[in-house]
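What follows is a single structure, written as structure tokens, with notes after it.
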Amino acid sequence: MLVLVAPGQGAQTPGFLTPWLDLPGAADRVAAWSDAIGLDLAHYGTKADADEIRDTAVAQPLLVAAGLLSAAALGSSSAFGAVAGHSVGEITAAAYAGVLSEAEALSFVRTRGLGMAEAAAVTETGMAAVLGGDRDVVVAHLEKLGLTPANINGAGQIVAAGTMEQIAALEAEKPEGSMKVVALKVAGAFHTHHMAPAVATLEEAAKALSPADPALKYVSNKDGAVVTSGADVVARLVGQVANPVRWDLCMETFGELGVTGIIELCPGGTLTGLAKRALKGVPSVALKTPEDLDKAKQLFAEPAA
């Protein structure tokens, strides 16, 4: 069983969309999406620098657009048994599973990015990854410092979120047993109470959506559950901006479902890296450029081999 996964914010790098726009019809699709949401996705994906694409209001639509573009290049969804996304990647996953149309996904993520950017502007906040250490020890240490374990990613990685003062305290006093603390290139304490105002914004935006039930297994990063109701998927998309991401539980579910391969949509690398450590022996391919498409398609035949 192949699983398709979509990365979250922080995976973007300057110019990462450039080679994808050379695919037939890709530039026209991106231009149409840009017009629809009022954001020049091609510019930000090809010419903008790291600081420009760090902006939450830019990064999130850009990531979903890149995910949808690379998913379309893969072809039919019938090759996949399940789909999941990390943070904003869940919107990409929802569109791939047929819960949302592409237009709905891009409109919703535009609202999400703007709402989360506005919430992040209230207080200077950030996120940092804690690498290594016992999960319970790390979580207790974060809570002692007033930080939230915003992403429990598995494979020895927990992402802390809070004020910049709290992040600085973590860098100065890392949890016992951990190897290092790495500041992330994001512009706020996502998946914490700091994002509560964005939840209200998304609740209103969700009223305009017409969700369908997922056409394949949709694994939620709220708790690793397989969600079968489109309305439930949307409700989880709304709430997840202020609640922790449990990617560790998603990977546990992949294992329980009998995963035989993982393909990560553009800009791939983060989630396949976690999978290599947590799901040892399961082959994976990260779509970084169109040159990776052939390697990904080779996995399609492997379960039947």
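The values are calculated or read from the model by the stated rules, or taken from the named source; none is laboratory data. Because the structure is predicted, anything quoted here is derived from the model rather than measured. FYI the Cβ positions are ideal-geometry reconstructions off the backbone, even for glycines, and counts take in every protein chain you see. Keep in mind that these areas ignore ligands, DNA and RNA; they rest on the heavy atoms of the full protein, side chains included. Shrake-Rupley method; radii C 1.70, N 1.55, O 1.52, S 1.80 Å.
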Result of the Cβ filter at 9 Å on the range 47-67, keeping first residues that are closer than 13 Å to L17 by Cα and of a type in the set (K, R) and partners that are assigned to a helix (DSSP H, G or I) and at pLDDT 95 or above, at least 6 apart or interchain, is K47/T18
Over the range 41-56, the set of residues open to solvent by less than 10 Å² (accessible area, probe 1.4 Å) and part of a helix (DSSP H, G or I) is L41, G45, I53, T56
Can you confirm whether V99 is in contact (Cβ under 8 Å) with a residue 12 or more places away in the chain and either open to solvent by 40 Å² or more (accessible area, probe 1.4 Å) or assigned to a helix (DSSP H, G or I) (or both)? no
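Going by what's in this entry, would A84 be described as closer than 18 Å to V238 by Cα, open to solvent by less than 40 Å² (accessible area, probe 1.4 Å), small (G, A, S) and part of a strand (DSSP E or B)?
Numbers: closer than 18 Å to V238 by Cα: yes; open to solvent by less than 40 Å² (accessible area, probe 1.4 Å): yes; small (G, A, S): yes; part of a strand (DSSP E or B): yes.
Spelling it out, A84 is indeed closer than 18 Å to V238 by Cα, open to solvent by less than 40 Å² (accessible area, probe 1.4 Å), small (G, A, S) and part of a strand (DSSP E or B).
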Going through the range 172-194 in order, the residues found to be over 12 Å from L131 (Cα atoms) and in contact (Cβ under 8 Å) with a residue 40 or more places away in the chain are L184, K185, V186, A187, G188, A189, F190, H191, T192, H193, H194
Exception for A73 within (1) assigned to a helix (DSSP H, G or I); (2) in contact (Cβ under 8 Å) with a residue 40 or more places away in the chain; (3) under 22 Å from M1 (Cβ atoms); (4) open to solvent by less than 20 Å² (accessible area, probe 1.4 Å) falls at (4)
Scanning the range 170-217 for residues that are of a type in the set (A, V, I, L, M), open to solvent by 30 Å² or more (accessible area, probe 1.4 Å) and in contact with a strand residue (DSSP E or B) (Cβ under 7 Å, 6 or more places away or on another chain) gives M179, V181, V182, A183, L184
Self-check item: Test: residue in the range 14-28 that is of a type in the set (A, V, I, L, M), open to solvent by less than 50 Å² (accessible area, probe 1.4 Å), assigned to a loop (DSSP other than H, G, I, E, B) and modelled with pLDDT under 95
Solution: no
Scanning the range 156-169 residue by residue, those open to solvent by 40 Å² or more (accessible area, probe 1.4 Å) and more than 14 Å from V181 (Cβ to Cβ) turn out to be E165
Counting only residues in the range 1-52 that are touching a helix residue (DSSP H, G or I) at 6+ places or on another chain (Cβ under 8 Å) and charged (D, E, K, R), the one farthest from A296 (Cα to Cα) is identified as E52
Filtering the range 180-229 for residues that are touching a Gly at 6+ places or on another chain (Cβ under 6 Å) and closer than 19 Å to A57 by Cβ leaves a count of 6
Taking the range 107-145 and the residues there that are of a type in the set (S, T, N, Q) and in contact with a Leu (Cβ under 9 Å, 6 or more places away or on another chain), the one that is surrounded by the fewest Cβ atoms within 10 Å (Cβ to Cβ) would be S107
